[in-house]
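Peer 1: Supplied in structure tokens, the structure appears directly below.
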Amino acid sequence: MQELVEAALAFHTLSISDLVAIFEDARPTAPARRRQVLELLAQHPCRRQGLLVGVTGTPGSGKSTLLGRLALAISDREKLSVAIVAVDPASLASGGALLGDRVRVRFPVDRPELYFRSQSSENELGGLGPDTFQVCRLLHQLFDVVFVETVGIGQSEVDVRWLADRMYLVMQPLGGDEVQMLKAGILEVPDAIIVNKCDEQRAARRLVAALTTSLPLSRPFGDGPPPIFRTSATTGEGIDALASDVLARAALPRPLLATKEGHFFRRWVKEEWGRAGVRFLDEKLGGAAAFVAAAGGFDDAEAGFDAAIRRAVGSAQP
């Protein structure tokens, strides 16, 4: 495991993928292996504390292509390492997922500091896959910037806001008027908005005007409307300005990922044990954040919760 961690920190792609597989593993033995990896990383002088950037938006808005251009721009300008975790929707009929985002993002083969990983949403709501948080626990210690691209969103797929240090909403021209934007509710969430496909100039100008009108109404009690970036992944328009915004956020202090574990532990409990498990967590164990802190971390909390609820079920039986 030590050799695997050393190779991953040197951007050996297969070693990174082997570690990602450990963090996507749902078997009972996986938490102990994840804990071992995180302990080795915590002791390593070359580990990083990467910026987590959430990118969400409607299907077809050009998120993947834009991220490919943006990752290259950031890496070229500041010599930073960049990872992208892209979540694709799963089929309700077959349960499988066409991991098509990797087709849109093509990194040069001689740039190992650029890494791409696809995941299936496994029909989970929220826009993220069930293992996305776990994988980000690893990748943000291996890369300087980690982009998390959600599935195409509607109204409820905004779990990425609990994960990201900065969140962008990607929109495309001809996607609806001001009423449609306000009705979706998504304008309340992002830190910045990207109007992509601005090579369609007339339609892009109309969308920017509509956003300028809608944003003050969507955030009447906030700190003002978020900035709007105009980009085109085809022509490269606006990519440098967007890269500057990401890099500016990377230079600022940010909370540790461990402070966000409570939300995702509660989500894990609901996935594994349903609403009854969530009630047990809140009523008997003091809530997600308190239980994770008392257990000493996310992985220990998983094992501890399983043991606690099994004891409770066993003692309730005659």
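The values are calculated or read from the model by the stated rules, or taken from the named source; none is laboratory data. Since the model is a prediction, treat every value here as computed from it, not as a measurement. All Cβ positions, glycine included, derive from the backbone under ideal geometry; neighbour counts span all protein chains shown. Keep in mind that these areas ignore ligands, DNA and RNA; they rest on the heavy atoms of the full protein, side chains included. Shrake-Rupley method; radii C 1.70, N 1.55, O 1.52, S 1.80 Å.
Peer 1: Taking the options Arg249, Arg279, Arg267, Arg275, name whichever one is surrounded by 19 or more Cβ atoms within 10 Å (Cβ to Cβ), outside any loop (DSSP other than H, G, I, E, B), at pLDDT 90 or above and of a type in the set (Lys, Arg). Outline the logic, then answer.
Peer 2: On the way: Arg249 fails: surrounded by 19 or more Cβ atoms within 10 Å (Cβ to Cβ); Arg279 fails: surrounded by 19 or more Cβ atoms within 10 Å (Cβ to Cβ); Arg275 fails: surrounded by 19 or more Cβ atoms within 10 Å (Cβ to Cβ).
Within the list Arg249, Arg279, Arg267, Arg275, the selection yields Arg267.
Peer 1: Check segment 43-52 and report whether any residue there is open to solvent by less than 60 Å² (accessible area, probe 1.4 Å) and in a strand (DSSP E or B). Write out each step before concluding.
Peer 2: Our first condition is that a residue be open to solvent by less than 60 Å² (accessible area, probe 1.4 Å); within segment 43-52, this holds for 44, 48, 50-52.
Filter again for in a strand (DSSP E or B), leaving 51-52.
There is at least one residue in segment 43-52 that is open to solvent by less than 60 Å² (accessible area, probe 1.4 Å) and in a strand (DSSP E or B).
Peer 1: Got a number for residues in segment 200-238 being open to solvent by 10 Å² or more (accessible area, probe 1.4 Å) and within 17 Å of Leu67 (Cα to Cα)?
Peer 2: 9
Peer 1: Say whether the condition of being modelled with pLDDT of 85 or more, part of a strand (DSSP E or B), more than 22 Å from Cys136 (Cα to Cα) and within 17 Å of the chain's Cα centre (by Cα) is met by at least one residue in segment 176-193. Outline the logic, then answer.
Peer 2: First, the residues of segment 176-193 that are modelled with pLDDT of 85 or more: 190-193.
After this cut, where a residue has to be part of a strand (DSSP E or B) as well, the list is 192-193.
Filter once more, keeping what is more than 22 Å from Cys136 (Cα to Cα): 193.
Next cut, within 17 Å of the chain's Cα centre (by Cα) only: 193.
Within segment 176-193, one or more residues are modelled with pLDDT of 85 or more, part of a strand (DSSP E or B), more than 22 Å from Cys136 (Cα to Cα) and within 17 Å of the chain's Cα centre (by Cα).
Peer 1: Do we have Ser244 as among the hydroxyl-bearing types (Ser, Thr, Tyr), under 25 Å from the mean Cα position of the chain (by Cα) and surrounded by fewer than 19 Cβ atoms within 10 Å (Cβ to Cβ) here? Steps first, please.
Peer 2: On the way: among the hydroxyl-bearing types (Ser, Thr, Tyr): yes; under 25 Å from the mean Cα position of the chain (by Cα): yes; surrounded by fewer than 19 Cβ atoms within 10 Å (Cβ to Cβ): yes.
Yes; evaluated as a whole, the condition is true for this residue.
Peer 1: How many residues does segment 1-33 contain that are part of a helix (DSSP H, G or I) and under 19 Å from the mean Cα position of the chain (by Cα)?
Peer 2: As a first pass, look at segment 1-33 and keep what is part of a helix (DSSP H, G or I): 2-9, 13-23, 30-33.
Filter once more, keeping what is under 19 Å from the mean Cα position of the chain (by Cα): 16-17, 19-23.
The qualifying residues number 7.
Peer 1: Same structure, new question: Quick one: Gly236 ticks every box in (1) at pLDDT 85 or above; (2) in a helix (DSSP H, G or I) except a single one, so which number is it?
Peer 2: (2)
Peer 1: To continue, here is another question. Give the residues of segment 11-25 that are touching a residue at least 12 places away in the same chain (Cβ under 8 Å) and open to solvent by 60 Å² or more (accessible area, probe 1.4 Å), sorted by residue number.
Peer 2: His12, Thr13, Asp18
Peer 1: Restricting the first residue to segment 196-216 and requiring it to be closer than 19 Å to Gly60 by Cα, which pairs with a second residue that is open to solvent by 80 Å² or more (accessible area, probe 1.4 Å) and assigned to a helix (DSSP H, G or I) meet a Cβ separation below 9 Å and a spacing of at least six or different chains?
Peer 2: Close Cβ pairs (under 9 Å, with a partner that is open to solvent by 80 Å² or more (accessible area, probe 1.4 Å) and assigned to a helix (DSSP H, G or I)) amount to Cys198/Arg205.
Peer 1: Sticking with this one: Does segment 307-317 include one or more residues that are open to solvent by 40 Å² or more (accessible area, probe 1.4 Å), without any contact (Cβ under 8 Å) to a residue 40 or more places away in the chain and under 30 Å from Arg47 (Cβ atoms)?
Peer 2: no
Peer 1: Would you point out the residue of segment 26-42, among those that are among the basic types (Lys, Arg) and surrounded by 14 or more Cβ atoms within 10 Å (Cβ to Cβ), that is nearest to Pro130 (Cα to Cα)?
Peer 2: So the residue we want is Arg34.
Peer 1: Ile84 passes all but one of (1) farther than 29 Å from Glu271 by Cβ; (2) touching a Leu at 6+ places or on another chain (Cβ under 9 Å); (3) among the β-branched types (Val, Ile, Thr); which number fails?
Peer 2: Result: Ile84 passes all but (1).
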